[in-house]
Amino acid sequence: MRHSTVGKLVTGAALLAVVVGLRVTAAPPEAQALSRPIGDIQVFATLGYPGHPGGLAVNGRTLYVSTSNADFDRLFDTSDEIWAFRLDTGGPVQTGTNPILVPRQASAQTMGLLGMALDARGRLYIADMNGRVLRVDPSTGVQDVYGMIPTNTDTSFTDMPGFVVFDTAGNLYVSDWSAPIIWRVPPGGGQAQLWFTDPRLAGTYGANVAGIALDPSGQNLYIAAATQESQIAVYRLPLAHPDAPHLQEFHRYTDFVMMPCEPDPNVQTIACATMPAFGAGGIAFGASGKLYVALFSKQQLSILRPDGSEALRFPSSDENMMLDVPVDGPFAVAFDGRGSLLVANTGDATIGKGPDGSDPPGGLVISDTWVVLDAFVNDTAAPLIRPFIP
């Protein structure tokens, strides 16, 4: 863990804290990327407070990053953020709406934003882990509630939307980290409907259905589910037959990987020790037909061949500890169009603001593990469905 403390001079609004804490490392030039070995990991960008990048979405040469609050350490923040970065330089997009602040609905919320999808107009559809799906126009910052989970109480305890994906008809599928359920929001928005549930998708709270993605045919939904302790599995389910007999296991991770935790008791040690109780993160198909899986609880990335066998897993625990910024709770994944897989790295848990919005004693802690990683895989994204939505 590496971090610095922001003192009392950084005590303004959340936006000011983020801007002061932001450091960006540009992705390597395209010519250099061609010579990189598969599995090489570098830092694309580092975010300041509130950190915890969660969701990623690429539109042209812009990368959108949402803040996830995945370590349960930002209970009293008043908003989450959506950042926009230039893929060519790694720098923040210079607009008046960057970052976009997304107000929270309650005075105390355990979680933030996670998975994102795009429509044909470039609007973002974002899983709010407190029971909603939001729609945000990044060109204006205008936002509205696009979908509601029926059990929603504005917290993540009754339902926790994780990742989202569109089909060609404009239906939006939503994974639920708090239950073995996949929801479906109809075209145009509204209340989500229970589309599929099965006990094979079950894990623990915060680790049921994680990443979801449509294969290049647009006909099959791939689902990453369960915990490391119960064995993370990836399933395939045809959209035309969302029933138990058609749920097929694509790959199962039978190994157990545990990163060493700091010996001194602190908030990072607690987060590290509880990691095996969680499961996977986001998944995405490459143009090659391979499926890329973020293994949140294993601190690794996995590449699965079209036949379901594993082509590569990286980094190893020893390799991870040697990185300048280790893979730490990888969440969403997205391709940069130049051969790299971008990975949202949750990073360290730290002490956030108090109930009155004040900084903790000693000031806010900014961790340089709150990054978007650039992992070279020599692949680009499979076509993504971006429907026309009213």
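The values are calculated or read from the model by the stated rules, or taken from the named source; none is laboratory data. Values in this document were obtained by computation on a predicted structure and should not be read as measured data. Heads up, the Cβs are rebuilt from the backbone with ideal geometry, glycines too, and the neighbour counts pull from every protein chain shown. Protein only, heavy atoms only, side chains kept; ligands, DNA and RNA dropped before computing areas. Shrake-Rupley method; radii C 1.70, N 1.55, O 1.52, S 1.80 Å.
Here are the numbers for this structure:
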{"read-out": "For VAL365: the one exception among (1) in a loop (DSSP other than H, G, I, E, B); (2) in contact (Cβ under 8 Å) with a residue 60 or more places away in the chain; (3) farther than 23 Å from ILE232 by Cβ", "value": "(1)"}
{"read-out": "Candidate set from the range 51-61 (those that are part of a loop (DSSP other than H, G, I, E, B) and open to solvent by 10 Å² or more (accessible area, probe 1.4 Å)); member that is nearest to LEU118 (Cα to Cα)", "value": "GLY60"}
{"read-out": "In the range 197-207, the residues that are part of a loop (DSSP other than H, G, I, E, B) and crowded, with 17+ Cβ neighbours inside 10 Å", "value": "ASP198, ALA202, GLY203, GLY206"}
{"read-out": "Residues within the range 271-295 that are modelled with pLDDT of 95 or more and not aliphatic (A, V, I, L, M), tallied", "value": "8"}
{"read-out": "Selection within the range 221-253 - at pLDDT 95 or above, closer than 22 Å to GLN299 by Cβ and of a type in the set (Ser, Thr, Tyr)", "value": "TYR222, TYR253"}
{"read-out": "Any hit, the range 379-386, residues being touching a Pro at 6+ places or on another chain (Cβ under 7 Å), in a loop (DSSP other than H, G, I, E, B) and under 30 Å from VAL185 (Cβ atoms)", "value": "yes"}
{"read-out": "Selection from the range 296-315 of residues that are among the small types (Gly, Ala, Ser) and modelled with pLDDT of 95 or more", "value": "SER302, GLY308, SER309, ALA311"}
{"read-out": "Any chance GLY147 is farther than 27 Å from GLY357 by Cα, at pLDDT 95 or above and open to solvent by less than 20 Å² (accessible area, probe 1.4 Å)", "value": "yes"}
{"read-out": "Residue satisfying all of: in the range 311-329; in a strand (DSSP E or B) and open to solvent by less than 50 Å² (accessible area, probe 1.4 Å); farthest from PHE72 (Cα to Cα) among these", "value": "ALA311"}
{"read-out": "Cross-chain or 6+ apart pairs with Cβ under 9 Å, the range 347-359 first and in contact (Cβ under 8 Å) with a residue 12 or more places away in the chain, then basic (Lys, Arg) and in a loop (DSSP other than H, G, I, E, B)", "value": "ASP348/ARG2; GLY352/ARG74; LYS353/ARG74; ASP359/LYS8; ASP359/LYS353"}
{"read-out": "The range 126-152, residues that are in a loop (DSSP other than H, G, I, E, B) and under 14 Å from LEU56 (Cα atoms)", "value": "PRO138"}
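Yes or no, residue by residue, for (1) in a loop (DSSP other than H, G, I, E, B); (2) farther than 19 Å from GLY112 by Cα:
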| site | (1), (2) |
| --- | --- |
| GLY162 | no, no |
| VAL165 | no, no |
| THR168 | yes, yes |
| SER178 | yes, no |
| ARG184 | no, yes |
| PRO187 | yes, yes |
| TRP195 | no, yes |
| ILE212 | no, no |
